[in-house]
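The values are calculated or read from the model by the stated rules, or taken from the named source; none is laboratory data. Predicted model only: the values in this text are computed from it and were never measured. Note that we place each Cβ from the backbone using ideal geometry, even for glycine, and neighbour counts take in every protein chain shown.
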Amino acid sequence: MFIKGFTYGFDGRKGAYRTPEAAESMERLAALGGDWAAIAFTVLQDSFSSTVIRPDYRYTVTDKDITAAADKLHSLGLKVCMKPMVNCADGVWRANIFFPEREIGDKDYWKEWFSCYTAFLCHYAEIAEDTGCEMFCVGCEMLGTEHKEELWRETLAEVRKIYHGPLVYNTNHGKEFGVKWWDAVDYIGTSAYYGVGKVPGDSLENMCSEWEKQKARLAELSSANGGKQVIFMEIGCRSAKGCAMMPYDFSHREFPYDEEEQANFYESCMMTMWDEPWFGGFFWWDWYTRLPSRKPEMGFSIVDKKAEQVVKSWYKRDRNT
C-alpha cells in the first residue's frame, strides 16, 4: 500500500457535496495526480461528556451526499477512504471525550458511549461497503478513549461484520505508542502535525533534519507492530509564516502570508518519507468542498500555491522501494 492522497470535504455541510462547485473541486483534486481521497465529515455529540452522537438535520451531510461524493471520486479514478468523525458541539476537541471510570448508580458511561459510537461507525461502514470504498477510518484523534482497549476491540469486531475492506485508526502525532490495539486494525494512522519548523520561515534543509527524527520514531512504531504500515491520515500546514512550527494551527490570523514555508513543509515531508517501505502514504489536510476564491487564502488549501506544484511533482513519481 502506498497512498498518494488528500482529505476532501471536511468543510462540507448538508447538500454541499452535490453541487457544481463540489464537482469542480473534486476534479481539481484528481488533477493532482494522486490516487486516493479521504471523505471526512463530522457528526456531533452535545459535549465532551455526552454519550449520545446524533446528526443535526440542518447541517450534517446526508447519506445521499456521502454516496454522491464517493461515486464522483471513484468516477475520477480515485480510491476512497471513508472517514466519519465525531466532534463536540460545545467546541471541546474530540480528544477530550471522557467519562468516569466507574459506574455511577447503575450507569456505565463508557459502555453507553461506545454503544452509540459503534452504531455510528456501523451506519457509515454500511455506506462504505455499499459504495465500494477501499478503506474505512474508525476514529480520529480520540485520545481520551484510546485506553479503553476492550471496548475498542468490541467496536472494531462489529464494524468488520459490515465492512470487509481494510480498517485504519487515526491517532494524534506524538501519541502513537499509546494505542495498545494496533493489531486490531490493518493500518496505523496518525495526524502528522509535527512541528518541523524551528523558526518562522525555516529552511527546507532544517525541516528535513527534523523529519528524520520523526521518521526514526515511526519506523520503531511499525517494527513494534510486526511491520504494519504507518499512514499519515492527516498532515498539512497553513500558508502563513510560522505555521511549520505548529502545523495543526488554524486560529492565528495575524501571521503574514507565506506559501514558501507551506511548500517547504510539503517538500521536506515527501523527501524524507517517500521511499520508506513501512510508510503507507499521505492524506494531506485538506481539500475544500469549494475551491478557494479569496486571495491570499491563508488556510490549509494548496490551490494556486507553490505547494500544489510540489504535490503534483511528487505524485507523478513511483517509489524506489
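Condition first: farther than 16 Å from residue 281 by Cα and surrounded by fewer than 18 Cβ atoms within 10 Å (Cβ to Cβ). Now tell me which residues in the stretch 226-240 satisfy that.
Result: 226, single match.
When the residues of the stretch 7-26 are filtered to those that are buried (at least 16 other Cβ atoms within 10 Å of the Cβ) and polar (S, T, N, Q), which remaining residue is farthest from residue 78 (Cα to Cα)?
The extreme case among them is 25.
Can you go through 44, 29, 76 and tell me which one is crowded, with 18+ Cβ neighbours inside 10 Å and closer than 24 Å to residue 281 by Cβ? First the steps, then the outcome.
Numbers: 44 fails: closer than 24 Å to residue 281 by Cβ; 76 fails: crowded, with 18+ Cβ neighbours inside 10 Å.
Exactly one residue qualifies, and that residue is 29.
Looking only at the stretch 208-254, count every residue that is modelled with pLDDT under 95 and polar (S, T, N, Q) and tell me the total.
Count: 1.
Kindly indicate whether any position in the stretch 202-219 is over 30 Å from residue 150 (Cα atoms) and in contact with a Leu (Cβ under 6 Å, 6 or more places away or on another chain).
no
Could you list, in sequence order, all residues of the stretch 125-139 that are farther than 17 Å from residue 283 by Cβ and in a helix (DSSP H, G or I)?
Taking the stretch 125-139 as the starting set, the residues that turn out to be farther than 17 Å from residue 283 by Cβ are 125-127, 129-132.
The answer is 125, 126, 127, 129, 130.
Out of the stretch 168-178, which residues are crowded, with 22+ Cβ neighbours inside 10 Å and either part of a loop (DSSP other than H, G, I, E, B) or among the aliphatic types (A, V, I, L, M) (or both)?
168, the sole residue that qualifies.
What residue, among those in the stretch 73-94 that are closer than 18 Å to residue 142 by Cα and part of a loop (DSSP other than H, G, I, E, B), is farthest from the chain's Cα centre (by Cα)?
Per the criteria, the residue is 90.
Provide a single number: the residues in the stretch 1-57 that are aliphatic (A, V, I, L, M), within 30 Å of residue 107 (Cβ to Cβ) and not in a strand (DSSP E or B).
1
Kindly indicate whether any position in the stretch 101-113 is farther than 24 Å from residue 236 by Cα, touching a residue at least 40 places away in the same chain (Cβ under 8 Å) and surrounded by fewer than 17 Cβ atoms within 10 Å (Cβ to Cβ).
yes
If a residue has to be of a type in the set (Val, Ile, Thr) and either surrounded by fewer than 19 Cβ atoms within 10 Å (Cβ to Cβ) or farther than 15 Å from residue 170 by Cα (or both) to count, how many in the stretch 144-154 make the cut?
Of the residues in the stretch 144-154, 0 are of a type in the set (Val, Ile, Thr) and either surrounded by fewer than 19 Cβ atoms within 10 Å (Cβ to Cβ) or farther than 15 Å from residue 170 by Cα (or both).
Please go through the stretch 280-297 and give me each residue that is touching a strand residue (DSSP E or B) at 6+ places or on another chain (Cβ under 8 Å), crowded, with 20+ Cβ neighbours inside 10 Å and either in a helix (DSSP H, G or I) or not small (Gly, Ala, Ser) (or both), ordered by number.
Once the filter is applied, which keeps residues that are touching a strand residue (DSSP E or B) at 6+ places or on another chain (Cβ under 8 Å), crowded, with 20+ Cβ neighbours inside 10 Å and either in a helix (DSSP H, G or I) or not small (Gly, Ala, Ser) (or both), the stretch 280-297 yields 282, 283, 284, 285, 286, 287, 289.
Could you give every pair whose Cβ atoms fall below 8 Å, whose first residue belongs to the stretch 206-228 and is more than 23 Å from residue 265 (Cα to Cα), and whose second residue is part of a helix (DSSP H, G or I) and polar (S, T, N, Q), counting only separations of at least 6 or pairs across chains?
Partner pairs satisfying both residue conditions: 228/222.
What about residue 313, is it free of Cβ contacts under 8 Å to residues at least 12 places away in the same chain, surrounded by fewer than 22 Cβ atoms within 10 Å (Cβ to Cβ) and in a loop (DSSP other than H, G, I, E, B)?
The answer is no for residue 313.
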